[in-house]
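Participant: Below is one structure. I have some questions about it.
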Amino acid sequence: MTASGCAGPADVRLADVARARRDGGLVVLEGFHALKHATRFGAEVLGAWTADLETLEALRARLAPDVSFAVERVSAEELAAVVSRGQVVAVARRPRLPHPDVLVGAAAATPLVLLEDPRHLGNLGAAVRVAAAAGAGGVLTTGPQDPWHPDALRGAAGLHFALPVYRVKALPAGGPRSLLALDPEGERFDPRAVPPGAILAFGTERDGLTDALLERADGRLALPMAPGVSSLNLATAVSATLFALRLAA
Ligand SMILES: C[S@@+](CC[C@H](N)C(=O)[O-])C[C@H]1O[C@@H](n2cnc3c(N)ncnc32)[C@H](O)[C@@H]1O
């Protein structure tokens, strides 16, 4: 494979992947799609490794002829020692982002997604993926989960590099954006009534949004569901909301 789009495979070694998982300045990309999107959206990939260069190159040529990456061949045993699944693992630099207050405080037309204390990294990744696909301005999370965890990156297919993704202690106060709580107990959601640049807040998987956020929100909106259904899955609720907004624009 050619080397454009990568800093070069010699910058870090496969043995550094374990260290990269604990390094706040680096991210570990597991799987072809994570590496593909990260590269396409400008990630600085420091090293990538596979045990099956031919299959990976065939996949790249078929699914992503627009991207290229430098990948080093290693043995299947060496790869399995650092990653439990996926045919390729890579290490990239975490992008330098402006402070989240800048993003939240900016008047902009694109909505932001706020995930309050998401528990499931696959859900978190799926929410990032759909936020990127729907053209959201960024994703903020609260709680202990790192949105840049490899499992979240895998769930997002590497689309963290397409928009700003932050973990914040709490949502900054004030600013020009409306804060809207997505809540099954809210008023019927009408995408045409959502102000541009709103922060759309989604709650944790089991318990929903906190009382503190609900009290602070400028509105509480429900996606209408068929009788008897309590709620949507978190990532599905993010998806339905963002695409309803996009289709109504
Ligand atoms: C799995 S749900 C949480 C369910 C929780 N028992 C509750 O009542 O909120 C996770 C999040 O998805 C969003 N959500 C799910 N279904 C929704 C709906 N029908 N309308 C608006 N938001 C919804 C909410 O933000 C919710 O906090």
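The values are calculated or read from the model by the stated rules, or taken from the named source; none is laboratory data. Since the model is a prediction, treat every value here as computed from it, not as a measurement. Cβ coordinates were reconstructed from backbone atoms using ideal geometry, including for glycine residues, and neighbour counts include every protein chain displayed. To get the accessible areas, we keep the full protein, side chains included, count just its heavy atoms, and leave off ligands, DNA and RNA. Shrake-Rupley method; radii C 1.70, N 1.55, O 1.52, S 1.80 Å.
Participant: So who's got an amide H within less than 5 Å of the one on Ala201, skipping anything under 5 residues away but keeping other chains? H placed 1.01 Å off N, in plane.
Facilitator: Here Leu114, Leu180, Ala181, Leu182 satisfy the definition.
Participant: Out of all DSSP beta bridges with both ends in the chain, state the antiparallel percent to the nearest 5.
Facilitator: So the antiparallel bridges amount to about 35 percent of the total.
Participant: Taking the stretch 114-206, which trypsin sites (Lys or Arg not before Pro) meet the DSSP loop condition and have no more than 10 other C-beta atoms within 10 Å?
Facilitator: Lys169, Arg206
Participant: For the chain, what does the convex hull of the Cα positions come to per residue, in cubic angstrom?
Facilitator: 136
Participant: Asp66 versus Arg188, label points 7 Å from Cα toward the beta carbon: distance in nm?
Facilitator: The answer from the label model is 3.9 nm.
Participant: Name the residue farthest towards the positive end of the dipole of the chain from the options Gly197, Gly155, Leu223, assuming +1 on Cβ of Lys and Arg, -1 on Cβ of Asp and Glu, about the Cα centre.
Facilitator: Gly197
Participant: Between Ser230 and Glu54, what is the label-point separation in nm under the 7 Å Cα-to-beta-carbon projection?
Facilitator: Roughly 5.2 nm, to one decimal.
Participant: Within the accessible area of the chain, what % is carbon and sulfur when the probe is 1.4 Å and the other protein chains stay in place?
Facilitator: On the chain, the fraction of accessible area on carbon and sulfur atoms equals 52 percent.
Participant: Among Leu200, Leu232, what's the order by accessible area (1.4 angstrom probe), most exposed first?
Facilitator: The ordering from most to least exposed comes out as Leu232, Leu200.
Participant: While we're looking at this one, here's another question. With a/c under 1.5 counting as rounded, go ahead and sort the stretch 14-93 into rounded, prolate or oblate using the C-alpha gyration tensor (a ≥ b ≥ c being the square roots of the eigenvalues; past the cut-off, prolate if a/b is larger than b/c, else oblate).
Facilitator: Oblate, because a/c is 1.5 or more while a/b does not exceed b/c.
Participant: Can you give me the convex hull volume of the Cα atoms of the stretch 100-248, divided per residue and expressed in Å³?
Facilitator: About 101 Å³ per residue, rounded to a whole number.
Participant: Related question: How much length is gained if the chain between Asp151 and Arg22 is pulled fully straight, taking 0.36 nm per residue apart and subtracting their Cα-Cα distance, in nm to one decimal?
Facilitator: Between Asp151 and Arg22, full extension yields 45.1 nm more.
Participant: Would you mind working out the accessible area per residue for the stretch 57-145, using a 1.4 Å probe, and quoting it in Å²?
Facilitator: Spelled out: the 1.4 Å probe surface of the stretch 57-145, per residue, equals 46 Å².
Participant: Grab the DSSP H runs of the chain that are 4 residues or longer, score each as -39,500 (n - 2.57), total them, divide by all residues and round the 222 nm result to the nearest 500 deg cm²/dmol.
Facilitator: -8500 deg cm²/dmol
Participant: Counting other C-beta atoms within 10 Å, and keeping those with at most 14, which DSSP coil trypsin sites (Lys or Arg not before Pro) do you find in the stretch 37-116?
Facilitator: For trypsin sites (Lys or Arg not before Pro) across the stretch 37-116 that sit outside H, G, I, E and B with at most 14 neighbouring Cβ atoms in 10 Å, the list reads Arg85, Arg96.
Participant: Moving to a separate point now. For the stretch 29-92 and the stretch 97-111, compute the distance between their C-alpha centroids and round to whole Å.
Facilitator: 32
Participant: Out of every Cα-Cα pair in the stretch 204-249, what percent are more than 14 Å apart?
Facilitator: Of all Cα-Cα distances in the stretch 204-249, 62 percent exceed 14 Å.
Participant: So between Ser178 and Ala81, what do we pick up on full extension, going 0.36 nm a residue minus the alpha carbon distance?
Facilitator: In short, 30.2 nm is gained.
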